[in-house]
Amino acid sequence: MVSENGGQREAQDITIVGAGPTGLFAAFYAGLRGMKVKVIEALPEPGGQLRVLYPEKYIYDVPGFPKILALDLIQALVEQAYQFHPLLCFEERVTSLERREDGLIRLQTNRGEHLTRTVLVAAGIGAFHPNRLDRPGVAEFEGRGVYYFVREKAAFRDQRVLIVGGGDSAVDWALILKDWAREVTLIHRRDQFRALEGSVAELMRSPVRVMLSHELKALHGDDRVRAATVFHNKTGDERTIPVDAVLLFLGFKADLGPVKRWGLAVDKRHILVNGRMETNVPGVYAAGDIARNPDTVYLNLIAIGFAQAAIAVNCARASLDPEARVFPGHSSEKRL
Ligand code: FAD
């Protein structure tokens, strides 16, 4: 694996925006086709929605796997892509795309610029931002006991965990962490959950302390968070509870943001493509959740993103070299 941030002068054959499942599989395919590949990802880690929204859930509809944990699928995709040593730029968000007169495409990011012959936009539902809570202590302790993402449940072993939220993520993580943490308290500002009924029923039977109609007032601590003051939003009753970790699951905002200003034809949240996954800008392709071909059914599924990635990359390969065919040949006949 080669990591690189901040841009570089050497133009790539293809630069993939987004390291979700579509971008990772595209990176593999581009490597298989002998292309110089770079992947630019806004988050610190690969995996897209699988990493951010449901890392420890099983997926049942990935071909070849009766069931697979989202994190395990990412790991396998990363391993598959890394065989060809793509350049990887994490925590780098593409802000603009411009096709130059010499035919190269210039991608500007928050860290620098990148030159490339073709681009595959695999930006999913856009860059993620968790909804943040503006209460005393929350910003101060972010990363020091306060988290908007859970990377691994083992990090919370034997801790006193406070979960804030009432949706699927809050309820699912409370159920997962009850077996790892010393104690789990879940507060939700409403008197009903928005999560799956079955999960809520399981939660109510579990040892998780559930406090409905409660909100977070403030966090306290020293070098890290140590306690949380919560209050009942109907009675005003307050109490301060000792905590080692606070997980805030208040939903995410994912917006296409700058993608909409790249001169690509868009339809609400999607970049319009044709059957070759080409956008209206020559050399720029789109695949996965972000791509929509008005002539076919739109399904935001991992398997669809894989197929679209293969189409886009093979078409990009052929566009760079008139001798190259779109059909890559069968991988089973190659020696990697
Ligand atoms: P994403 O996974 O969204 O990845 C896009 C990546 O691009 C992100 O990492 C993002 O940070 C990055 N990015 C965006 N903008 C920029 C930018 N400007 N610069 C740099 N990087 C950028 N599908 C199934 O097939 N089966 C399931 O069981 C299933 N379960 C799901 C459960 C949940 C709760 C959710 C929310 C989705 C589920 N899906 C499932 C859908 C599946 O996760 C998506 O179809 C898939 O993640 C799309 O992959 P993608 O790579 O196209 O986009």
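Things to note:
- Of the residues Asp61, Asp13, Asp102, the single one that is within 18 Å of Leu320 (Cα to Cα), out of contact with any Cys (no Cβ under 6 Å at 6 or more places or on another chain) and loosely packed, with under 14 Cβ neighbours inside 10 Å is Asp102.
- Residue in segment 123-135 that is assigned to a loop (DSSP other than H, G, I, E, B), at pLDDT 95 or above, aliphatic (A, V, I, L, M) and in contact with a Gly (Cβ under 6 Å, 6 or more places away or on another chain) present: yes
- For segment 11-63, the set of residues classified as within 12 Å of the ligand (Cβ to nearest atom), out of contact with any Ser or Thr (no Cβ under 9 Å at 6 or more places or on another chain) and at positive phi consists of Gly18, Gly47, listed by residue number.
- Residue within segment 21-40 that is within 17 Å of His129 (Cβ to Cβ) and in contact (Cβ under 8 Å) with a residue 24 or more places away in the chain present: no
- Test for Gly126: is it at positive phi and within 14 Å of the ligand (Cβ to nearest atom): yes
- Selection from segment 59-76 of residues that are touching a Leu at 6+ places or on another chain (Cβ under 6 Å) and without any contact (Cβ under 8 Å) to a residue 40 or more places away in the chain: Ala70
- If the condition is being of a type in the set (Phe, Trp, Tyr) and assigned to a loop (DSSP other than H, G, I, E, B), then segment 139-157 contributes Phe141, Tyr148, Phe149.
- Where Leu77 falls short, out of the listed (1) within 18 Å of Ile271 (Cβ to Cβ); (2) open to solvent by less than 40 Å² (accessible area, probe 1.4 Å): (1)
- Within segment 237-268, considering residues that are part of a loop (DSSP other than H, G, I, E, B) and surrounded by fewer than 18 Cβ atoms within 10 Å (Cβ to Cβ), the one nearest to the ligand (Cβ to nearest atom): Gly251
- Only one entry in Asp179, Asp191 is more than 22 Å from the chain's Cα centre (by Cα), part of a loop (DSSP other than H, G, I, E, B) and within 22 Å of Thr229 (Cβ to Cβ), namely Asp191.
- Among all residues of segment 301-317, there is none that is assigned to a loop (DSSP other than H, G, I, E, B) and farther than 22 Å from His129 by Cα.
- Residue ID - farthest from the chain's Cα centre (by Cα), chosen from residues in segment 232-283 that are charged (D, E, K, R) and at pLDDT 95 or above: Asp237
- Total residues in segment 205-231, condition open to solvent by 50 Å² or more (accessible area, probe 1.4 Å), in a loop (DSSP other than H, G, I, E, B) and under 24 Å from Leu175 (Cβ atoms): 1
- Residues in segment 110-140 that are over 19 Å from Asp267 (Cα atoms) and touching a helix residue (DSSP H, G or I) at 6+ places or on another chain (Cβ under 7 Å) were compared, and the one that is most open to solvent (accessible area, probe 1.4 Å) is Arg117.
- Scanning segment 80-96 for residues that are outside any strand (DSSP E or B) and near the ligand (Cβ under 10 Å from one of its atoms), we see that the one that is most open to solvent (accessible area, probe 1.4 Å) is Glu91.
The values are calculated or read from the model by the stated rules, or taken from the named source; none is laboratory data. Please read these numbers as outputs of a predicted model, since none were measured by experiment. Positions of Cβ are generated from backbone atoms using ideal geometry, with glycine treated the same way; all protein chains shown enter the neighbour counts. When the accessible area is computed, the model is the full protein with side chains, heavy atoms only, and any ligands, DNA or RNA have been set aside. Shrake-Rupley method; radii C 1.70, N 1.55, O 1.52, S 1.80 Å.
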